[in-house]
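J.: Supplied in structure tokens, the structure appears directly below.
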Amino acid sequence: MWVLNFRFDFLITEIMRKHILIISSFLIFILACNKDADFLNTAPKDILTDDAVWKSEDLTLSVLADLYNRYPEQQTITNWAEYTNFDEAFPSEAGNYWRTKQVDYPYDWWNLWDYGYFRDLNLFVQKCQAADQLSADVRNRFVSEARFLRAALYFEEVKRMGGVPLILEPMEYNFSGDPTYLQHARAKESDIYDFVIAEMDTIKAILPDDASIKARATKGLALAMQARAALYAASIAKYGTSTPTVTLAGGEVGISADKSTAYYTKALAAAQEIISGGKYSLYKKKTEDLQDNFASLFYDKSNNPEVIFAQDFKLKSGKVEDWTLNNQPWSSAEEQQGGRVNPSLNLAQLYEKLDNTYSPFVTNTGSDYVYYDNPLDIFAGRDARLGGTIILPGTKFKGVPLDIWAGVMYWKGGQYNIITGDNFGDQDSIPVAGSPKSSQVVGADGPVDGLQFSAQTGFYVRKFMDQTVGSGQIGTRSEVWWVRYRYAEVLLNAAEAAFELGQSDVAATYINQVRERAGFTIPLTTITFDRIVHERRVELAFEGHELFDNKRWRLAHKVWNGETISAADLVTNIGKADKVNTMIYGLWPYKIYNPGNVNDGKWVYKIVKPSNVTAAHRFKLGNYYSQIGSDILSNNPKLIKNPNQ
Amino acid sequence: MKKIIYLALCMVALSCKKDNYDSPSVTLQGRITYQGEAINVSSKDVTFELWEPGWGKNGAITVNINEDGSYSALLFNGNYKLIIPPSQGPFRSVLNNETNSDTVRLQLNGNRTMDIEVMPYYMVRTPQFLLTGTTVGATCKLEKIITDANAKDIENVFLYLNQTAFVDGTNYIARTSIAGSDIADPDHISLNVEVPASTSANGSTGDQRYIYARIGVKISGVEDLLFSTVQKIDL
């Protein structure tokens, strides 16, 4: 067959060579004579036209899906490295060590100026409202969802940039050569928050009041976002007084202190509307193991009563996430990678003992170590969220026991000496007479200082990790969702608002519900600001709250003040909201080798600072509101710069 | 083969001709001063901005001030406007008579040395460092320069030690401080700090027989610290 083809091709080539001119003109003639109208009016196959979209419910939903897909976020499970910029975790990947070596956060970090997205949202609202071929119910729901997304984007803008121009109509350029009528000044910071709060009041009545809808906007979500936004505005109004230079004269940055009570009241009311609505509740499916219960809250997608809004993923659909691939422990890794996010000791030691007291992990008594029979013993009797958030030494992941230990401490010459390896699970001979010729001297998960993917703080992350086989494979990945709003945060928002309004007992009821699920049996009776800050840090770790919480409380420049902290500093003042937290520390287990001694085979712990942690983070006053790019400023002279940059 | 070589040669010769701009070659340098005396600041922290109007898009050239108060920038000839953003440095800009604002007009036509005069909140006068045993003691006098409505209090005075000549709030191996409220007499400030047993950041290697010390002043409501000059101390 191919021979024939070849000959045919050859023939054509021969003819073309001889009669190229004639053939070309003939072709031109044919093409030119084709019906012009048909040729130029080919219907596009790769874009949806207005005519097609607004008639069809399915196509409108597709457009809306794209808008949902662009939901703005800072830290999420799809950008793991963002978690390692502060104090929650160390980046165990060679290309990201610079994050713990950087002193200052650049002023343009976290900036967001997505007016392309605003325009698309405004166009959707405008066109969908006019889409009279859709049924009224469907149309109203779609419009409300787009309005939700628009408010979510304004909320994200105001969190990062302060007040931004409030544009609610798609703007069109008239090609007059003068674009000044399209240039708008920045709104006040409080105006943006007011807009978000008011929008939620409008759309909550239209959106479905259905707790089983998790990936689209619902009434519960509108209220949850309203509570969060009002709480942000309230705390900026209240705590902004401590940073008088973080303001602009026109109110683009900073909210006047007298507004805080009204915002706190609104936040409490919105949160209480969800709570009294009774559609959501805390996840308690596995009460026999509270650590496991807390971990599965994030990956259990069937009838999860706690999740209000999530970004969903689906295997084999192309929309999968790689949190588990990036962070799987080396001992159970399904690829030659994982272990990137290493939770810090700074975070781990925040989890209280079950008697409601703070305590560092006990590594020493006097000058001697404390010897533990099992690696897990040092973590016993604590908040269940510790083991639910962090993979601890001595536990299992995907049924494989973790092997986290930094080396062997052997007794020789009247003191402990350390032998360790420089790769996962290295073997060596312990230089003591009678020891085996070759034995393992470091855990299969590390920690090995400077070795990427090893547990360089002694911990791996557990939150959002997928237990399913294949979730750590590049070819499969994971369909665990990213939880954006959940009921426990609503309770904590309510608690904070109630506390700030002087209703300390109301605050205690809400905060104690969250703590009871974490295994605490003694309820808190007095609530302090430190308690509010602490509870959010431990409950909401790795959920993208820390930066924005510290910003709104104006704590960021205090906790990340650029001052070096020592191991002794680290273990003091645990639970203080303004504790300096500039450098990441780890907790490394060592195995004792001392045959004949009572401590042989036991475990001791050392507090270490990974050698790649060289800088103390410094959050300057100019970081509170991110820098507006100079291209944006020069395109619109009505914009003013953020303060202190 | 020869053809290819000639072709390559031609390409090299042609492509490297006049298709590039000259690099900036005019040096602007000087110091940030008060009455002719350089103001010491932390390294990499304090900046000022040069604007060159007349181009389509606006964007500032940011110039860093060194820890000893000096600066230098490579620029093109032209007319610039110099401003120190209000959040920068432990000082305030002085009013420029020509522009009647804090903007300074700056004409560059060849290399230029120019000190920029500012109003610091304080000046660290007569800093003295003395090693006694393993303790570094420092004394100085704090002179309040701005005394009108814009005056600010002292929040803290620090004494920093570091193993390199970069000594400031983020680069130190030992430090001590006194709160501004505990200062009885700003003319007699005295601080003591113990020299760490190891002056190396890398365990036992790289130990050295000298150390650098510096006094820093945190003024309340001002982010950047004011410093004394750096003093090398032989151990």
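J.: Just to confirm the filter: which trypsin sites (Lys or Arg not before Pro) across the range B:16-69 are DSSP coil and have at most 13 other Cβ within 10 angstrom of their Cβ?
T.: B:Lys17, B:Lys18, B:Lys57
J.: Name the residues of the range A:614-645, by number, that are at least 30 Å² less accessible with every protein chain in place than in the isolated chain; the surface is that of heavy atoms, probe 1.4 Å, without ligands or nucleic acids.
T.: Checking the loss per residue gives A:Arg618, A:Lys620, A:Leu621, A:Ser634, A:Lys641, A:Asn644, A:Gln645.
J.: What is the distance in Å between the Cα centroid of the range B:94-126 and that of the range A:335-409?
T.: Rounded to whole Å, the Cα centres lie 56 Å apart.
J.: Determine the residues within the range A:547-568 where the difference in accessible area between the chain on its own and the full set of protein chains amounts to at least 10 Å²; count protein heavy atoms only and use a 1.4 Å probe.
T.: A:Gly562, A:Glu563, A:Thr564
J.: Convert 4 °C to kelvin, take the viscosity as 1.567 mPa s, use the Kirkwood radius over C-alpha pairs of chain A as Rh, and evaluate the Stokes-Einstein diffusion coefficient in µm²/s, rounded to a whole number.
T.: The Stokes-Einstein estimate is 47 µm²/s.
J.: Let me ask something else. Round to the nearest 0.05 the FRET efficiency obtained for A:Thr521 and A:Gln440 when R0 = 60 Å and r is the Cβ-Cβ distance.
T.: Using R0 = 60 Å, I get an efficiency of 0.90.
J.: What net charge is computed for the residues neighbouring B:Leu106, neighbours being all others with C-beta under 14 Å from the C-beta of B:Leu106, Lys and Arg scored +1, Asp and Glu -1?
T.: Overall, the nearby charge balance is -3.
J.: What percent does the relative contact order of the range B:26-120 come to when contacts are Cα pairs within less than 8 Å and at least six residues apart?
T.: Dividing the mean separation by the residue count of the range B:26-120 yields 38 percent.
J.: Restricted to Cα positions, what overall size does the range A:184-234 have along the principal axes? Three whole-Å values, descending.
T.: 40, 23, 17
J.: Which ³J(HN,Hα) values in Hz, rounded to whole numbers, follow from the phi angles of the range A:248-254 under the Karplus curve 6.51 cos²θ - 1.76 cosθ + 1.60, where θ = phi - 60° and Gly and Pro get x?
T.: So the Karplus estimates, Gly and Pro as x, are 10, 4, x, x, 5, 10, x Hz.
J.: Between the chain alone and the structure with every protein chain in place, find the residues of the range B:20-69 that drop at least 30 Å² of accessible area; heavy atoms, 1.4 Å probe.
T.: Hits at the 30 Å² cut-off: B:Asp45, B:Lys57, B:Asn58.
J.: Where does helix A:189-203 land angle-wise versus the long Cα axis of chain A, in degrees 0 to 90, nearest 10?
T.: So the inclination is approximately 70 degrees.
J.: In degrees, nearest 10, range 0 to 90: what is the angle between the Cα axis of helix A:219-239 and the longest Cα principal axis of chain A?
T.: Around 60 degrees separate the two axes.
J.: I'd like the carbon and sulfur percentage of the solvent accessible area for chain A, probe radius 1.4 Å, heavy atoms only, ligands and nucleic acids excluded.
T.: Roughly 54 percent, rounded to a whole number.
J.: Something else about it: What trypsin sites (Lys or Arg not before Pro) in the range A:603-645 are in a loop by DSSP, with at most 12 other Cβ atoms within 10 Å of the Cβ?
T.: A:Lys638
J.: Quick check on the range B:122-234: what does the Kirkwood estimate of hydrodynamic radius come out to from the alpha carbon pairs, in Å?
T.: Result for the range B:122-234, one decimal place: 14.6 Å.
J.: If you don't mind, there's one more thing I want to ask. Would you mind calculating the relative contact order of chain A from Cα pairs under 8 angstrom and at least 6 residues apart, reporting the percent as a whole number?
T.: 19 percent
J.: Given a 1.4 Å probe and no ligands, DNA or RNA in the count, how much accessible surface is buried by B and A, both sides, to the nearest 100 Å²?
T.: Buried area between the two chains comes out at roughly 1200 Å².
J.: Calculate I(q)/I(0) for the range A:483-583 by the Debye formula, one identical point scatterer on each C-alpha and no solvent, and give its log10 at q = 0.16, 0.18, 0.24 Å⁻¹ to two decimals.
T.: Debye output, listed in q order: -0.74, -0.91, -1.32.
J.: Here's another thing I want to ask about it. State the answer as a single residue: which of A:Gly472, A:Leu633, A:Leu350 lies farthest towards the positive end of the charge dipole of chain A, with beta carbon charges of +1 for Lys and Arg and -1 for Asp and Glu, about the Cα centre.
T.: Sorting the options by dipole projection puts first A:Leu350.
J.: Would you mind getting the accessible area per residue of the protein assembly as shown, heavy atoms of the protein chains only, 1.4 Å probe, in Å²?
T.: Each residue of the protein assembly as shown exposes 45 Å² on average to a 1.4 Å probe.
J.: Turning to a different aspect of this structure: Rounding to the nearest 20 debye, state how big the charge dipole of chain A is about its Cα centre with +1 on each Lys and Arg Cβ and -1 on each Asp and Glu Cβ.
T.: 360 debye
J.: Count the net charge of all other residues whose Cβ sits under 12 Å from the Cβ of A:Ile213, scoring Lys and Arg as +1 and Asp and Glu as -1.
T.: +1
J.: Take A:Tyr115 and B:Ser101, extend 7 Å from each Cα along the Cα→Cβ direction, and tell me the distance between the two endpoints in nm.
T.: Between A:Tyr115 and B:Ser101, the simple spin-label model gives 2.3 nm.
J.: Need one value for B:166-176: mean number of C-beta atoms belonging to other chains within 10 Å of its residues' C-beta atoms.
T.: Partner-chain Cβ atoms within 10 Å, mean over residues of B:166-176: 3.
J.: Around B:Tyr34, under 11 Å between beta carbons, what's the net of Lys plus Arg minus Asp minus Glu among the other residues?
T.: The answer is -2.
J.: Mind counting lysine pairs for me in chain B? Cα separation below 30 Å, and the two need to be 8 or more apart along the chain or on different chains.
T.: 25
J.: How high is the FRET efficiency between B:Ser25 and B:Lys57 when r is their beta carbon distance and R₀ equals 22 Å, given to the nearest 0.05?
T.: 0.45
J.: Longest span of chain B, sites excluded, free of chymotrypsin sites (Phe, Trp or Tyr not before Pro) in DSSP loop with at most 11 other C-beta atoms within 10 Å?
T.: In chain B, the maximal stretch lacking such sites is B:56-235.
J.: Of the options A:Val307, A:Asn423, A:Gln126, report the single residue whose Cα projects farthest towards the positive end of the charge dipole of the protein assembly as shown (beta-carbon charges: Lys, Arg +1; Asp, Glu -1).
T.: Checking the options against the dipole of the protein assembly as shown, the answer is A:Asn423.
J.: State, to one decimal in nm, how far the label point of A:Gln126 lies from the label point of A:Lys55, with both points 7 Å from Cα in the Cβ direction.
T.: Taking the simple label geometry, A:Gln126 and A:Lys55 are separated by 2.3 nm.
J.: Could you state the number of Å between the C-alpha centres of the range A:507-521 and the range A:66-116?
T.: Centre-to-centre distance over Cα atoms comes out at 31 Å.
J.: Full extension from B:Asn64 to B:Ile146: what is 0.36 nm times the residue separation minus their Cα-Cα distance, to one decimal in nm?
T.: Additional length available on full extension: 27.1 nm.
J.: 7 Å from Cα along Cα→Cβ at both A:Lys286 and A:Asp46: what's the point-to-point distance in nm?
T.: With each label point 7 Å from Cα toward Cβ, the separation is 4.5 nm.
The values are calculated or read from the model by the stated rules, or taken from the named source; none is laboratory data. These figures come from a predicted structure and were not determined experimentally. Cβ: placed from backbone, ideal geometry, glycine included. Neighbour counts: every protein chain shown. Just the protein is used for accessible areas: all its heavy atoms, side chains included, with ligands, DNA and RNA removed. Shrake-Rupley method; radii C 1.70, N 1.55, O 1.52, S 1.80 Å.
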